[in-house]
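Nothing in this text is a laboratory measurement; each read-out follows from the coordinates by a stated rule. Every value quoted in this text rests on a predicted model; they were computed, and no experiment measured them. Glycine also receives a Cβ, built like all others from the backbone with ideal geometry; neighbour counts cover every protein chain displayed.
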Amino acid sequence: MNKSVFLILLTTVLLTGCVKDDSICPEDGGGTSEKLISPNLRASINNGVEQSPMTGILEVYPCLPGTSTYYGNYINGSLTPFNGRYTIQDGEIFGTSTRPIFLPVGTYNMIYWGTPKYEEPIFAEPAIKEPQIIIGEDMSQQYFGLFPSVGDTTYRPVFDLVFAVKSTKIGSEELNAALSREVAGIKVIVKNKNNGILSSSIASMKVHIGGIAEKINFFTAEPVNQTKTVTFPLVLSTDGTQMSNATVMVFPSSAAPLFQLFITLKTGEVKTYKQNLTSSLKANTKLTLTLVLGDIFSEGGSGSFTLDNWQEETQTIDIPTLD
């Protein structure tokens, strides 16, 4: 899955080419005598409350019926390992598809992975380890994995990933996927108790979130080895009153993952706050963590740490002085 296309600007070009169930495109000759079908596609995302039409990039991986064995996709009439790949707007194919599905009539087990377009800002530099896509490969033995950070043992945030598996009869059914988000979102906000300007002694801040899954299964989306730490920086607001991040995405975590805030001062000194969260980071949840510094740099000072979750209650934690 080439995630660089996540930043593609969707144009207003209407879809052209063969997308109906009973059509054959001119480029389908030369490699097979079978009739190849390029079905239409519809996609929606389950946000935990209702289904909403998807907008973004969606990739489709045809497998043999009832299995996780990758079948492949026909290009110019020849069977290739290159999966189908679509630009989607409001749940339907939009613009010129980069690489549509062409398959002989029959039943296939379709694996869907997508990266939705976000309405709010998200972390600009996600990364991920990709699975191997090989004809005949058992995709239940393949994974999306965390990508290491440079210079330490932590890992980078991942892409927003949605997923589904569904059997489809090519020739009589369109591709129709109701996708589920398989990552959690995190946003951290650090500010003063009185919402004033942050201390001029602060040079930078970064966050570590522990207990994150090392990888998720390509065929089931199940998380594996929830022992890794993901890191990301916080950025100072233009008015200087807070430091925060655009929403980052991570694989699901273990119970009570460790949250750590590292504050580097201009003197080079690093102050650290650590606290286990009381709940795990679950797929299709978003957490907003607000850290109120107060007099955190002076003796006797304290702050508060609140947690807002799409599906959970707010949690408040007292923070000791960071000596």
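Brief remarks on what is shown
- The stretch 59-120: GluC sites (Glu not before Pro) falling in loop per DSSP and having at most 13 other Cβ within 10 Å: Glu119
- What the phi angles of the stretch 254-270 give under the Karplus curve with 6.51, -1.76 and 1.60, with θ = phi - 60°, is a coupling list of 6, 5, 6, x, 7, 9, 10, 10, 10, 10, 9, 8, 5, 7, x, 5, 10 Hz, glycine and proline written as x.
- Ratio Rg/Rh, restricted to the stretch 167-256 and using Cα atoms, in which Rh is the Kirkwood radius: 1.20
- Note, ³J(HN,Hα) from phi for the stretch 159-164, Karplus 6.51, -1.76, 1.60, rounded to Hz, x at Gly and Pro: 7, 5, 10, 10, 8, 6
- Taking the average, over residues, of other Cβ atoms within 10 Å as the packing measure, peptides 106-112, 76-82 rank 106-112, 76-82 from highest down.
- Ranked by the mean number of other Cβ atoms within 10 Å per residue, highest first, peptides 223-230, 124-131, 179-186 order as 179-186, 223-230, 124-131.
- For Leu161, distant residues with modelled amide H under 5 Å away: Glu182, Val183
- Taking each residue as 0.36 nm, the span from Thr278 to Asn46 lengthens on full extension beyond its C-alpha to C-alpha distance by 81.0 nm.
- Taking each residue as 0.36 nm, the span from Glu120 to Val235 lengthens on full extension beyond its C-alpha to C-alpha distance by 39.8 nm.
- With 0.36 nm allotted per residue and the present C-alpha distance subtracted, the Phe82-Arg99 stretch has 5.3 nm of extension available.
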